[in-house]
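The values are calculated or read from the model by the stated rules, or taken from the named source; none is laboratory data. The structure presented is a predicted model; accordingly, all values stated were derived computationally and were not measured. Every residue, glycine as well, gets a Cβ built from its backbone with ideal geometry; the counts of neighbours run over all protein chains shown. Keep in mind that these areas ignore ligands, DNA and RNA; they rest on the heavy atoms of the full protein, side chains included. Shrake-Rupley method; radii C 1.70, N 1.55, O 1.52, S 1.80 Å.
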Protein chains: 2
Amino acid sequence: MPTKPEILKTRTVARSRLFEVEALDLRFTNGVERTYERLAKKGWGAVMVIPLLDPDTLLLINEYAAGLNAYQLTLPKGLIDPGEDPLEAANRELMEEVGYGARRLTPLKELTTAPNYMGHSIQIIVAEDLYPKRLPGDEPEPLEVIAHPVAEIDKLVLERDFSEARVIAALLLWKQLFRREEHAR
Amino acid sequence: MPTKPEILKTRTVARSRLFEVEALDLRFTNGVERTYERLAKKGWGAVMVIPLLDPDTLLLINEYAAGLNAYQLTLPKGLIDPGEDPLEAANRELMEEVGYGARRLTPLKELTTAPNYMGHSIQIIVAEDLYPKRLPGDEPEPLEVIAHPVAEIDKLVLERDFSEARVIAALLLWKQLFRREEHAR
């Protein structure tokens, strides 16, 4: 791996309720200096849940995405609360957004979003052995929950409106591992 | 699809050289009002390139990612310039970052990054039939180019340091389609 550039100076250049933009003055090993901006990582991280009602059925939610001003079929996700571990956060989000708890929670992978200019990451957790359980969340409206056949994930990820990279990566990674386990049996 | 919330008001609450944060006052159809923040979509969009040196060999770059303060093995990518179409932008980025041009460029899919709070999207373009061609870019240092066997993509996407959701989604989507084409032959 190459030697990292030296960080000469870091400062906050913009801030809102949700976001904090940092500017970094960098000196690369060849002497070239650049100022880069990035969104700082805030809080305790985030989780995204792949809920399996049974081995053949995935649960998705239909949620308003402000960035696109559109409803999007997606996986339940949310920020980790202070003091929570990622598996607890995943189970809480599942109860709040989908109305199920999980007896089995398995970490799949930690994904970064756009590491060139964001420090954010999200942990993907597979939730199995579900039971009905509803917790009140901070959603402005109840979320529509949609059962989707696992066998049709390949088709789903190609649909034009199904576009979120983190969700597509999570589902295809899970399928790849799951397929491998099936072969091993 | 549910009816979208009404946007009561939009305003810019923070701005830097690269980022613009918008606050949206929303009224959901059940009457609940919320203020959401999002990063506005700026510019003409972005492209990410999957360069294939031959059908069995993928080209990756090793690039400094300011968001993580770490070098990351990734795909070439960049912003579309004013007046450029996505395929032209993909070919230019390929020439700048990898040192190749492509005779065949095929759009794969448009991915969104984190649509709950970002308007950003990136178009994935497959580049084939490559020829050596270098264009000067805006990189602070030359990028290390790494040839990677297509056969080992499944292993690569599970590696801890290979974490970017957009890159993993692009590679697994491409593999899925490519595999399908192979079966069809």
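From the label point of residue A:79, set 7 Å from Cα along Cα→Cβ, how far away are the matching label points in the other copies, in nm, ordered shortest to longest?
Computed spacing set for this position: 2.8 nm.
Considering only protein heavy atoms, what per residue accessible area in square angstrom results for region A:24-75 with a 1.4 angstrom probe?
Ligands and nucleic acids excluded, the result is 36 Å² per residue.
Place a label point 7 angstrom from the Cα of residue A:6 along the Cα-to-Cβ direction, then list the residues of region A:25-62 whose backbone nitrogen is under 16 Å away.
In region A:25-62, the label zone of residue A:6 (backbone N under 16 Å from the point 7 Å along Cα→Cβ) covers A:25-35.
What's the average, rounded to a whole number, of partner chain beta-carbon atoms within 10 Å of each residue's beta-carbon in B:32-41?
Mean shielding by partner chains, rounded to a whole number: 4.
Nearest 100 Å², what total accessible surface is buried between chain B and chain A (probe 1.4 Å)?
Buried area between the two chains comes out at roughly 6400 Å².
Between residue B:33 and residue B:151, 0.36 nm times their residue separation minus their Cα-Cα distance comes to what? Walk me through the numbers on the way to the answer.
Details: separation 118, 0.36 × 118 = 42.48 nm, distance 5.03 nm.
Contour length minus the Cα-Cα distance gives 37.4 nm.
If you build a Gaussian network model of chain B, linking Cα atoms that sit under 10 Å apart, which residue out of B:27, B:134, B:17 swings the most?
Between B:27, B:134, B:17, it is B:17 that shows the largest mean-square fluctuation.
What are the label-to-label distances in nm, one decimal and shortest first, from residue B:158 to the same spot in the other copies, with labels 7 Å along Cα to Cβ?
Inter-copy label distances (nm, one decimal, shortest first): 2.6.
Let me spell out the model: positive unit charges on the Cβ of Lys and Arg, negative unit charges on the Cβ of Asp and Glu, origin at the Cα centre of chain A. What dipole size does that give, in debye rounded to 20?
Working: 24 positive and 30 negative charges, 157 e Å.
So the magnitude is around 760 debye.
Lysine pairs, Cα distance under 20 Å, 8 or more residues apart or cross-chain: how many in region A:46-184?
5
Let me have the relative contact order for region B:51-185, percent, based on Cα pairs under 8 Å that are six or more residues apart.
28
Taking a point 7 Å out from Cα toward Cβ as the label site, list the nm distances between residue B:27 and the same residue in every other copy, smallest first.
Going from nearest to farthest copy, the values are 5.7 nm.
In terms of modelled amide H atoms, which long-range or inter-chain residues lie less than 5 Å from the amide H of residue A:126?
A:50, A:106, A:108
Assuming R0 = 25 Å, can you tell me the calculated FRET efficiency for the pair residue B:25 and residue B:110, based on Cβ-Cβ distance, to the nearest 0.05?
Efficiency, from the Cβ-Cβ distance: 0.30.
Taking a point 7 angstrom from the Cα of residue B:103 along the C-beta vector, which residues in region B:112-151 have backbone N less than 13 Å away?
Zone members listed by number: B:128-132.
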